[in-house]
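J.: Dumping the structure here so I can ask a few things about it.
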């Protein structure tokens, strides 16, 4: 649980034909919870690292992804990139 959570990134595979419903659902859920969300897309495995760099620059505090086969297939890489993107804030809280 992150009581100070306010910004959530949404990492999605832009090649997924069903992604629009996930983007819309994520934005609706975030709005209900009082969170801001920003989508970050990837088209190939080479885009995952730069997407995490963009999330970090945008100040995202957490992220989620759409449940597609490619995200599942590359879950280890996504986890690795996420771990490298974590940094410590001055307050000691972890952020992307």
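J.: Hey, among the residues in the range 24-53 that are in a helix (DSSP H, G or I), within 12 Å of the chain's Cα centre (by Cα) and surrounded by 17 or more Cβ atoms within 10 Å (Cβ to Cβ), which one's modelled with the highest pLDDT?
T.: This residue is 51.
J.: Given the criteria more than 24 Å from residue 20 (Cα to Cα), modelled with pLDDT of 70 or more and either in contact with a strand residue (DSSP E or B) (Cβ under 9 Å, 6 or more places away or on another chain) or loosely packed, with under 12 Cβ neighbours inside 10 Å (or both), does residue 76 qualify?
T.: The answer is yes for residue 76.
The values are calculated or read from the model by the stated rules, or taken from the named source; none is laboratory data. Keep in mind that this is a model prediction, so the values were computed, not measured. FYI the Cβ positions are ideal-geometry reconstructions off the backbone, even for glycines, and counts take in every protein chain you see.
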